[in-house]
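Okay, structure first, notes after.
The values are calculated or read from the model by the stated rules, or taken from the named source; none is laboratory data. Model, not experiment: these values are computed from the prediction. All Cβ positions, even for glycine, are placed from backbone atoms using ideal geometry, and neighbour counts span all protein chains on display.
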Amino acid sequence: MAMGNTPILILKEGTKRDKGKDAQYNNIQAARAIADAVRSTLGPRGMDKMLVDTLGDVTITNDGVTILKEIEVEHPAAKMLVEVAKTQDEECGDGTTTAVVLAGELLKKAVDLVEANVHPTIITSGYRMAATKAMEVLDKVAMDISIDDKESLIKIAQTAMMSKQIVGSKELMGKVAVDAVSRVAEKQGKKYIVDMDNIQVVKKQGGSMDDTQLIEGIIIDKEPVHSGMPRRIEKVKLVLLDAALEIKKTETDAKIEIDDPSQMQAFLDEEERMLKNLVDKVKKSGANAVFCQKGIDDLVQHYLAKEKIYAARRIKKSDIEKLAKATGAQIVTKVDELTAEDLGTAGLLEVRKIQEEEMTFITGCKNPKAISVLIRAGTTHVVDEIERSLDDAMSVVAVAIEEGRMLTGGGSTAVELAMRLREYSATIGGREQIAIDAFASAMEVIPTALAENAGLDPIDILIELRKAHKTGKTHAGLNVYAGKVDDMLKLNIVEPMCVGRQAINSATDAAVMILRIDDVIASKGGPGGMGGAPGGMPGGMDED
């Protein structure tokens, strides 16, 4: 705007501003690029992604949240979809790809409506109504499940693994996941609470997936510090130390001047006496195993070995805390104050050699609420992917136990929701009806993507699915292996209600938030230039 030829600058020079439909399209395009990035990983026939970071480290996965965390997303609207995946992962542990793909599809349908001059506020209010109605429908079609129903829980764990590399060992892995979660589930009132921190996961490459096992106890990835120490102890009494078994160094730089050789010997003798004193304190408490978070002096190692006391050093804080929980030991910070009351007990301590490394197994603990899963596989990449898959499986079993409801998978619930939402939209007057219809169509992206990834014709499959649901087959979904519509309940494709509920809620929230933005003001040097790179990845997504 020029007044007397003097331009008036309202925004800082170099600021980029997108208004109205431009801003909306750019944001929607960026968000959809993210959804498309993970869409091909959905379902049992989904493909994996290889991600290489700036340091050249390789991750091979088809876990939606892992992919989105690894790629450095610049565009602010695209970042919202990454948040959707993270929320889904934290709440349910699975269904991250579903949530992101659904959010992308809701935005895609919204573009058509915006072009038809439907105001974004009407779209968002229709989407909100549809999401609320979807929750009611979910509640009606969900089935009850209890912690004692081990078979159904194993089916839930196996469904979570269907799209992962470990599907070949799903029977074993499903059992491991259910056993692990059932052991740590604690009853509070009528409900169960599962603290996943009580499950320790230890990865060791070598062997095969089938060597993965559940250990009732804690595994410490350490060996005894001295070769003369016992490698097997029954009736373990252990000390957990958060202090070093070494001579304390002075805080300031100190110098000791010795002018007589005999003083030197006296100095060394005193040092040895102090170290022996530390070992005596440990022995006096009645302990026969020491787990130390810090260092252990060579002389102390020697004396402990002489007393036939096992010791391991530099143990992770998290492992020390798990040991404390499992054995009832107190974590001691001053050796001088160590008493018999601070000791923990366990049935057996055993050093086993796995691959080329030795590990310490502490089993027969008095509190079986802390347990470990030892994961084995041929290469580190596979071990990492198994850990991610098992984590998904254990998380879904945990939420199924906590919530006590489950749904059928394979796109069956999505098609049922779409059908019920279309019926509901017909009862709504006004323009929101169009948005609810669009929401219903967006739900069908789940069976569509499953069909595409399995190399099937999505339109034919969708018509079949709609026909089956119209005749009251609530659990009809896509059997990707046979390439036809099937009863998902009979095929044991089930998932916790939390997965569907959370996916719809977070996808709706993200879509509504992105739709309501009609003005993007980006300061100079703002992330990704904000414009978004049309056609390609959203503004400046690094391809390292």
* To do: Hey, can you tell me all the residues within region 505-531 that are modelled with pLDDT of 90 or more and not aliphatic (A, V, I, L, M)?
  => Asn505, Ser506, Thr508, Asp509
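Let's see how each residue does on (1) at pLDDT below 85; (2) more than 19 Å from Thr159 (Cα to Cα); (3) assigned to a loop (DSSP other than H, G, I, E, B):
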position	(1), (2), (3)
Ser372	yes, yes, no
His381	yes, yes, no
Arg388	yes, no, no
Tyr424	no, yes, no
Gly430	yes, yes, yes
* For residues in region 9-54 being more than 30 Å from Leu478 (Cα to Cα), within 27 Å of the chain's Cα centre (by Cα) and at pLDDT below 85, which is surrounded by the fewest Cβ atoms within 10 Å (Cβ to Cβ)? -> Thr54
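Working only within region 465-482, note down all residues that are surrounded by fewer than 16 Cβ atoms within 10 Å (Cβ to Cβ) and not basic (Lys, Arg). Quick ask: steps written out before the conclusion?
As a first pass, look at region 465-482 and keep what is surrounded by fewer than 16 Cβ atoms within 10 Å (Cβ to Cβ): 467, 470-472, 481-482.
Matches in region 465-482: Thr471, Gly472, Tyr481, Ala482.
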* So which residues in region 483-503 are surrounded by fewer than 20 Cβ atoms within 10 Å (Cβ to Cβ) and not aliphatic (A, V, I, L, M), if there are any at all? -> Gly483, Lys484, Asp487, Lys490, Asn492
* Working carefully through the options Leu491, Leu407, find the one that is at pLDDT below 90 and part of a loop (DSSP other than H, G, I, E, B). => Leu491
* To do: Being part of a helix (DSSP H, G or I) and free of Cβ contacts under 8 Å to residues at least 40 places away in the same chain is the filter; apply it to region 323-355 and report the residue that is nearest to Val184 (Cα to Cα).
  => Glu341
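Among what's in region 288-330 and is aliphatic (A, V, I, L, M) and more than 37 Å from the chain's Cα centre (by Cα), pick the residue that is farthest from Glu270 (Cα to Cα). Steps first, please.
Here is the first cut: in region 288-330, the ones aliphatic (A, V, I, L, M) are 289-290, 296, 299-300, 304-305, 309, 311-312, 315, 320, 323-324, 326, 329.
Filter again for more than 37 Å from the chain's Cα centre (by Cα), leaving 299-300, 304-305, 309.
Details: Leu299: 13, Val300: 14, Leu304: 18, Ala305: 21, Ile309: 23 Å.
Among residues in region 288-330 that are aliphatic (A, V, I, L, M) and more than 37 Å from the chain's Cα centre (by Cα), the one farthest from Glu270 (Cα to Cα) is Ile309.
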* Quick one: what pairs do we get from region 49-66, first residue not assigned by TED's automatic domain parsing to the domain that holds Gly93, second surrounded by fewer than 16 Cβ atoms within 10 Å (Cβ to Cβ) and not in a strand (DSSP E or B), C-beta under 7 Å, 6+ apart or different chains? -> none
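Among the residues of region 198-213, are any outside the structural domain of Cys292 (by TED's automatic domain parsing), farther than 15 Å from Ile375 by Cα and either part of a helix (DSSP H, G or I) or at pLDDT below 75 (or both)? Walk me through it before giving the result.
Within region 198-213, the subset outside the structural domain of Cys292 (by TED's automatic domain parsing) is 198-213.
So of that shortlist, the ones also farther than 15 Å from Ile375 by Cα come out as 198.
Those left that are additionally either part of a helix (DSSP H, G or I) or at pLDDT below 75 (or both): 198.
Within region 198-213 (the criterion being outside the structural domain of Cys292 (by TED's automatic domain parsing), farther than 15 Å from Ile375 by Cα and either part of a helix (DSSP H, G or I) or at pLDDT below 75 (or both)), the answer is yes, since at least one residue qualifies.
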* **Yes/no for Met274 being touching a residue at least 24 places away in the same chain (Cβ under 8 Å) and over 44 Å from the mean Cα position of the chain (by Cα)** => yes
* Got a sec? Which of Lys294, Lys255, Lys284, Lys276 is under 19 Å from Thr339 (Cβ atoms), at pLDDT 75 or above and not small (Gly, Ala, Ser)? -> Lys284
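Picking from Ile331, Ile354, which residue would you name as being in contact with a Leu (Cβ under 7 Å, 6 or more places away or on another chain) and surrounded by fewer than 20 Cβ atoms within 10 Å (Cβ to Cβ)? Walk me through it before giving the result.
Details: Ile354 fails: in contact with a Leu (Cβ under 7 Å, 6 or more places away or on another chain).
So the residue among Ile331, Ile354 that is in contact with a Leu (Cβ under 7 Å, 6 or more places away or on another chain) and surrounded by fewer than 20 Cβ atoms within 10 Å (Cβ to Cβ) is Ile331.
Taking region 111-169, which residues are assigned to a loop (DSSP other than H, G, I, E, B), aliphatic (A, V, I, L, M) and over 23 Å from Thr98 (Cβ atoms)?
If we filter region 111-169 for residues that are assigned to a loop (DSSP other than H, G, I, E, B), which is where we start, we get 116-119, 142, 145-149, 162-164.
From what is left, the residues that are aliphatic (A, V, I, L, M) are 116, 118, 142, 145, 147, 162.
Within region 111-169, Ala116, Val118, Ile147 qualify.
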